[in-house]
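Before any comments, here is the structure.
The values are calculated or read from the model by the stated rules, or taken from the named source; none is laboratory data. Computed from a predicted structure; not experimentally measured. Positions of Cβ are generated from backbone atoms using ideal geometry, with glycine treated the same way; all protein chains shown enter the neighbour counts. For the accessible areas, the whole protein counts, side chains as well, though only heavy atoms, and no ligand, DNA or RNA atoms are used. Shrake-Rupley method; radii C 1.70, N 1.55, O 1.52, S 1.80 Å.
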Amino acid sequence: MHADQGVQRQRIHIGGEADVYNAAMLAYALVQQAGARTLLATEAATVVSELGMNIVKYAGRGSVTVSLQASPRAYVEVQAEDRGPGIADLALALTESYSSRGTLGLGLPGVRRMSDQFDIRSDPGAGTRVRALRWLQDAPARALDRIDAAPRSADAPPQPAGTPPGWQYGQARRPCYGEVVSGDGCMLQAVQHGTVAGILDVLGHGAEAARLARHCEHWLTANAHADVVGLAEGLHAEVRGSIGLALTLVFVDAQSHQATVTGVGNTRLFCLRVPGLRIDAQPGIVGGNNMPRLRPTRVQITPQDTLLLATDGIEERLTVEQLLPLRRHGVQHIAQQVLRDHGKDHDDATCMVLRCPP
């Protein structure tokens, strides 16, 4: 470790999973020592883990450099480099939920989503270089985080490939304390006559939960249709006998603007309007032995309504009244603030925010 104009920096050579683990723990320790919140330390470790495992799986060898600046504005920066085969289709690799080898974690889209600054360069046959920076202190609110300014801020997550025109999408998630991958998941897909969105929470934490969460995201996206009760039942059949999960799905009809909501387990949907609305999922477990008979809830949605979906890593006692002051902010701002203010350290936590077309 050496200092360069106030920056602490350490480079770790990556040749196997043990090196990735050591690099992730180094990032976690540095961020905690800087006095940042635990969730930021966990996210830094997650970024290192994702980029390091990409090196191991696709290039075999490379390096990860972790840099920390404490002042004037604190940040942690991760740079990953390898001389592997490169990424043939960079746009596809940055598509939400894409994985060419079924990786456990969030992939490059997840790294970009957790970063305030993100750069990647990949040349076929010459390797890949990724830079991800995260501020450790909040910046003042920016005008473009307001609804009446630009619809997406520069650090908003990439729109999922199936996002219908006019919809705005934001998401914030982090794994349980001590883990580097998350068992929560999200999906958003345009379908005939409307849009389907969902949030899921696999029981437990760690690699097994993350593996099932990624499978469920892909399955839901590939099989999405307007009948969300049938979609939930189909996923139940797909993963029956697994560790199970909680799930909330919503279909919004493009013509009638009616939303059909169904769910199982400790997931919730909020509609941030006056008067507000909260819909809790029914008790039970998707994939388990106590899957209930689903009873959908139908509500009328108005243009530019804001929908917020949350796993139980977000405080269960959270109310619509607490959320209403946020509704005029950009969707990514809302997601990040809810995770920061109401996320639990001891559970995977995810918040997904959607704004309906005007």
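In table form, for the structure just shown:
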item	result
Test for Ala213: is it open to solvent by less than 10 Å² (accessible area, probe 1.4 Å) and at pLDDT 90 or above	yes
Which listed residue is touching a Lys or Arg at 6+ places or on another chain (Cβ under 8 Å) and either at pLDDT below 95 or of a type outside the set (A, V, I, L, M, F, W, C) (or both), from Thr267, Thr262	Thr262
Count of the stretch 62-76 residues which are open to solvent by 10 Å² or more (accessible area, probe 1.4 Å) and either closer than 18 Å to Thr128 by Cβ or among the hydroxyl-bearing types (Ser, Thr, Tyr) (or both)	4
Residue within the stretch 308-329 that is assigned to a loop (DSSP other than H, G, I, E, B), touching a Phe, Trp or Tyr at 6+ places or on another chain (Cβ under 7 Å) and on the phi < 0 side of the Ramachandran plot present	no
Positions within the stretch 28-49 being part of a helix (DSSP H, G or I) and more than 20 Å from the chain's Cα centre (by Cα), in sequence order	Ala29, Leu30, Val31, Gln32, Gln33
Selection from the stretch 282-300 of residues that are in contact (Cβ under 8 Å) with a residue 40 or more places away in the chain and open to solvent by 10 Å² or more (accessible area, probe 1.4 Å)	Ile285, Gly288, Met291, Leu294, Pro296, Arg298, Val299, Gln300
Residue under evaluation Gly230, criteria (1) of a type outside the set (D, E, K, R); (2) assigned to a helix (DSSP H, G or I); (3) touching a strand residue (DSSP E or B) at 6+ places or on another chain (Cβ under 6 Å), criterion not met	(3)
Condition broken by Pro275, with the remaining ones in (1) in contact with a Phe, Trp or Tyr (Cβ under 9 Å, 6 or more places away or on another chain); (2) within 20 Å of Leu354 (Cα to Cα) satisfied	(1)
Selected residue [in contact with a Cys (Cβ under 9 Å, 6 or more places away or on another chain) and of a type in the set (A, V, I, L, M)] from Leu277, Leu324, Leu294	Leu277
Residue within the stretch 241-253 that is among the small types (Gly, Ala, Ser) and open to solvent by 20 Å² or more (accessible area, probe 1.4 Å) present	yes
Residue match in the stretch 101-121 (condition: at pLDDT below 90, of a type in the set (Ser, Thr, Tyr) and open to solvent by 70 Å² or more (accessible area, probe 1.4 Å))	no
Conditions (1) of a type in the set (D, E, K, R); (2) closer than 15 Å to Cys351 by Cβ; (3) touching a residue at least 40 places away in the same chain (Cβ under 8 Å); (4) open to solvent by 30 Å² or more (accessible area, probe 1.4 Å): number failed by Asp312	(4)
Every residue from the stretch 254-281 that is exposed (fewer than 15 other Cβ atoms within 10 Å of the Cβ) and polar (S, T, N, Q)	Gln255, Ser256, Gln258
Residue check for Asp184: in contact with a helix residue (DSSP H, G or I) (Cβ under 7 Å, 6 or more places away or on another chain), at pLDDT 90 or above and open to solvent by less than 20 Å² (accessible area, probe 1.4 Å)	yes
Pairs, first over 19 Å from Ala207 (Cβ atoms) and hydrophobic (A, V, I, L, M, F, W, C) in the stretch 106-127, second open to solvent by 20 Å² or more (accessible area, probe 1.4 Å) and assigned to a strand (DSSP E or B), C-beta under 6 Å, six or more apart	none
Residue within the stretch 281-296 that is in a strand (DSSP E or B) and over 17 Å from Gln171 (Cβ atoms) present	yes
Single unsatisfied condition, Lys57 versus (1) of a type outside the set (Phe, Trp, Tyr); (2) open to solvent by 40 Å² or more (accessible area, probe 1.4 Å); (3) in contact with a Gly (Cβ under 8 Å, 6 or more places away or on another chain)	(3)
Subset of the stretch 343-358 (residues that are outside any strand (DSSP E or B) and within 17 Å of Tyr177 (Cβ to Cβ))	Lys344, Asp345, His346, Asp347, Asp348
Qualifying residue in the stretch 333-346 (condition: open to solvent by less than 40 Å² (accessible area, probe 1.4 Å), modelled with pLDDT of 95 or more, closer than 20 Å to Thr42 by Cα and of a type in the set (A, V, I, L, M, F, W, C))	no
